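Just below is one structure, and these are the notes that go with it.
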Amino acid sequence: MSAPTQRPKVTEREARQVAEAAREQTWRKPSFAKELFLGRFRLDLIHPHPLPSEEEVRRGEAFLAKLRAFCETEIDGRRIEREARIPDEVVTGLKELGALGMKIDPKYGGLGLTQVYYNRALALVGSASPAIGALLSAHQSIGVPQPLKIFGTQEQKDAFLPRLARTDISAFLLTEPDVGSDPARLATTAVPDGDDYVVDGVKLWTTNGVVADLLVVMARVPRSEGHKGGITAFVVEADSPGITVEHRNAFMGLRGLENGVTRFHGVRVPAANRIGPEGAGLKIALTTLNTGRLSLPAMCVGAGKWSLKIAREWAAVREQWGKPVARHEAVGTKISFIAATTFALEAVVDLSSQMADEDRNDIRIEAALAKLYGSEMGCLIADELVQIRGGRGYETADSLAARGERAVPAEQLLRDLRINRIFEGSTEIMHLLIAREAVDAHLAVAGDIIDPDKSLGDKARAGARAGGFYARWLPKLVAGQGQVPGAYREFGALAPHLRYVERASRKLARSTFYAMSRWQGRMELKQAFLGRIVDIGAELFAMSAACVRAELLRSTGEHGKEAYALADAFCRQSRLRVEELFGRLWSNTDDVDRRVVDAVLAGRFAWLEAGVVDASDDGPWIADAAPGPSTTENVHRKIP
């Protein structure tokens, strides 16, 4: 029998320990981004730019051609926006096209596309309908196929992957009404009972959950005799008795998203459906996201490409004060930003994806940086497009069409992209996750020194290790190739930017070391500082990727001159942002902000809230997620 679900009581330290236990502890392969944060500019890890094989290109391009034809003839993005639903016949067509199995091995009925072409497919279909892009991404990037590919048994692959490649839609269920990025408090339980586990709990924001056939569910297995326990991953049939989709959520954007609230009450799941051992659920989730996160920036690339097209066409036609608005510097700088940033985003995504395909490098930081940078810059691009379009940018596509103008859904793009700064790790969480990986080398040698639970002997041994490490490492941060005038000469006009990246990388590493020396154990509390460190690293990674991509295009004769111009513009823009971030490392309002927050929470500024009406109701801030049978209608629906 299932036990009542109890919300685990955990301290801040215990929550961090759970997260730490879930992350990959070792670095078995080189990482360009990890080296970058350590002040070592390993250009050799990304240049020459890795390339797919001819066969991979042939298969990928053939599918993209079919998908483009489908997008142009079968997908009506405005209808999806109006009806807040993807028509069943569109999903059926995608199934017949093989889009559900883009990343699944052909021996299971999938297409076996590379990460590069999978991402290009998402960018393409996402430009037709971001909701469809989200459906396909949630199904394959974080849904059942990816964890099974990495951690599943052969029996599980044989049983589920053929279904997932052609007919069955999957969803990933981790979040709960009171659990987001702090999984240590996960309340859904999976209690062993014979050859089954009995699952009870409530899951929130279950993308694809309303129409899914198969679910990946994260649940806590209680520790007992013969059971290690811990957060564990299961494949669950969505139509199992006891599962109720209680609500289909509605959002400011992605209106066709099939996202809901799912309740589990006494749901029996065969032990054979457990993915990996008990307690490995979070590690499975994080490992899945190492490449799964690349889908969001891929769709941001698609958004950037479309934004550039609309900005170019509109700004050349719209005239003010006797000339096209594009010729006014105030608008022209926005178009330059869109063009240069779109080039850089595509460079970051393609480079990270190709490295994922080659599997020579550890790309956990690169993928996280791509997600962070793509989601932030994608929102800025969409916002600039709306500004360029003026009042028409704020007007809906249907309204524009109704009065006889081109139906340009710029405002919808802005709404649709906004979720990417929250999906699959918010910007704030991504800052902390990347920062943890960036300082891993330091914690490996000196972590025991600042750990209050370590003995004096442990601290002494750590001190000896740290002394040796820093004696070798610190002198290398003084000088490097970035100070050699002729370094990176093969990059021509872009060489100065690579020299800048090398110098900035060493400066970033010095800044991190100084901060660790200054704050020691309090470093983890300096989240604003760590966020700026990560943002600098993201800019440096993007500059590196842009230069390497431009050189690739030059060497292959594909728009090389134009690519160099875009890379140069992006690097110049990026360098200004980097310099501002460096300045804000030590000159900022962090302490002032902290005092203001304390006063706000203490109610000392409540008088400032007077003079308005609160349009929200008086319901609970967090819905009750107590276990038990559902009392609402099941809104789960199966797409034929």
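Observations on the structure shown:
- For the stretch 182-201, the candidate set comprises residues that are assigned to a loop (DSSP other than H, G, I, E, B) and of a type in the set (Asp, Glu); within that set, the residue that is surrounded by the most Cβ atoms within 10 Å (Cβ to Cβ) is Asp182.
- Applying the condition of being hydrophobic (A, V, I, L, M, F, W, C) and either over 16 Å from Gln573 (Cβ atoms) or in contact with a His (Cβ under 7 Å, 6 or more places away or on another chain) (or both) to the stretch 332-363 and asking which residue is surrounded by the fewest Cβ atoms within 10 Å (Cβ to Cβ) yields Ala356.
- Selection status of Val612, surrounded by fewer than 10 Cβ atoms within 10 Å (Cβ to Cβ) and of a type in the set (Val, Ile, Thr): yes
- Single residue of the stretch 39-56 satisfying the filter (of a type outside the set (Asp, Glu) and free of Cβ contacts under 8 Å to residues at least 40 places away in the same chain) that is most open to solvent (accessible area, probe 1.4 Å): Arg42
Okay, residues lined up against (1) out of contact with any Pro (no Cβ under 8 Å at 6 or more places or on another chain); (2) under 22 Å from His139 (Cα atoms); (3) polar (S, T, N, Q); (4) in a loop (DSSP other than H, G, I, E, B):
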site	(1), (2), (3), (4)
Leu204	no, yes, no, no
Gly209	yes, yes, no, yes
Val216	no, yes, no, no
Arg220	no, no, no, no
Pro241	yes, no, no, yes
His247	yes, yes, no, no
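- Residue match in the stretch 443-460 (condition: more than 28 Å from Val501 (Cα to Cα) and among the basic types (Lys, Arg)): yes
- Arg392 being of a type in the set (Lys, Arg), more than 28 Å from the chain's Cα centre (by Cα) and outside any helix (DSSP H, G or I): no
- The lone exception for Gln25 - which of (1) surrounded by fewer than 19 Cβ atoms within 10 Å (Cβ to Cβ); (2) closer than 28 Å to Met252 by Cβ; (3) free of Cβ contacts under 8 Å to residues at least 60 places away in the same chain it fails: (2)
- Within the stretch 453-472, the presence of a residue that is in contact (Cβ under 8 Å) with a residue 40 or more places away in the chain, of a type in the set (A, V, I, L, M, F, W, C) and open to solvent by 30 Å² or more (accessible area, probe 1.4 Å) is excluded.
- Filter pass, Pro640 being in contact (Cβ under 8 Å) with a residue 60 or more places away in the chain, open to solvent by 100 Å² or more (accessible area, probe 1.4 Å) and out of contact with any strand residue (DSSP E or B) (no Cβ under 8 Å at 6 or more places or on another chain): yes
- Selection from the stretch 280-326 of residues that are open to solvent by 50 Å² or more (accessible area, probe 1.4 Å) and over 21 Å from the mean Cα position of the chain (by Cα): Leu308, Lys309, Arg312, Glu313, Ala316, Val317, Arg318, Glu319, Gln320, Trp321, Gly322, Lys323
- Scanning the stretch 568-578 for residues that are open to solvent by 60 Å² or more (accessible area, probe 1.4 Å) and either of a type in the set (A, V, I, L, M) or within 9 Å of Ile536 (Cα to Cα) (or both) returns a single hit, Leu576.
- Only one of the listed residues (Phe251, Phe172) is among the aromatic types (Phe, Trp, Tyr) and out of contact with any Ser or Thr (no Cβ under 8 Å at 6 or more places or on another chain). That residue is Phe251.
- Against the conditions (1) outside any strand (DSSP E or B); (2) crowded, with 22+ Cβ neighbours inside 10 Å, Val261 satisfies every one except (1).
- Residue within the stretch 202-211 that is over 20 Å from Val179 (Cα atoms), among the hydroxyl-bearing types (Ser, Thr, Tyr) and crowded, with 21+ Cβ neighbours inside 10 Å present: no
- Flag for Ile419 being under 30 Å from Thr291 (Cβ atoms), assigned to a helix (DSSP H, G or I) and open to solvent by 40 Å² or more (accessible area, probe 1.4 Å): yes
- Residues of the stretch 409-416 include none that is open to solvent by less than 20 Å² (accessible area, probe 1.4 Å), closer than 25 Å to Ser31 by Cα and out of contact with any strand residue (DSSP E or B) (no Cβ under 9 Å at 6 or more places or on another chain).
- Out of Gly537, Gly611, one residue alone is free of Cβ contacts under 8 Å to residues at least 12 places away in the same chain and either in contact with a Leu (Cβ under 8 Å, 6 or more places away or on another chain) or small (Gly, Ala, Ser) (or both). It is Gly611.
- Test: residue in the stretch 165-178 that is buried (at least 22 other Cβ atoms within 10 Å of the Cβ) and in a helix (DSSP H, G or I): yes
- From the list Ala238, Ala250, Ala219, the lone residue that is open to solvent by 30 Å² or more (accessible area, probe 1.4 Å), of a type in the set (A, V, I, L, M) and modelled with pLDDT of 95 or more is Ala250.
- Taken over the stretch 579-591, the criterion of being part of a helix (DSSP H, G or I) and either small (Gly, Ala, Ser) or open to solvent by less than 70 Å² (accessible area, probe 1.4 Å) (or both) is satisfied by Leu581, Phe582, Gly583, Leu585, Asp590.
- Helices (runs of 4 or more DSSP H) enclosed by the stretch 29-92 - at least 3 residues per element that are at pLDDT 95 or above and within 28 Å of Ala504 (Cβ to Cβ): 32-37
- Matching residues, the stretch 446-473, being closer than 14 Å to Met516 by Cα and of a type outside the set (Gly, Ala, Ser): Asp448, Ile449, Ile450, Asp451, Tyr470
- Answer residue from the stretch 114-142, given it is of a type in the set (Val, Ile, Thr) and either assigned to a helix (DSSP H, G or I) or closer than 17 Å to Lys95 by Cβ (or both) and is most open to solvent (accessible area, probe 1.4 Å) among those: Ile142
- Filter result (open to solvent by less than 10 Å² (accessible area, probe 1.4 Å) and not in a helix (DSSP H, G or I)) within the stretch 143-164: Gly143, Val144
The values are calculated or read from the model by the stated rules, or taken from the named source; none is laboratory data. Bear in mind that the values here come from a model prediction, so they are computed numbers and not experimental data. Ideal geometry is used to build each Cβ from the backbone, glycine not excepted, and the neighbour counts take in all protein chains shown. Please note that ligands, DNA and RNA were not included when accessible areas were found on the heavy atoms of the full protein model with its side chains. Shrake-Rupley method; radii C 1.70, N 1.55, O 1.52, S 1.80 Å.
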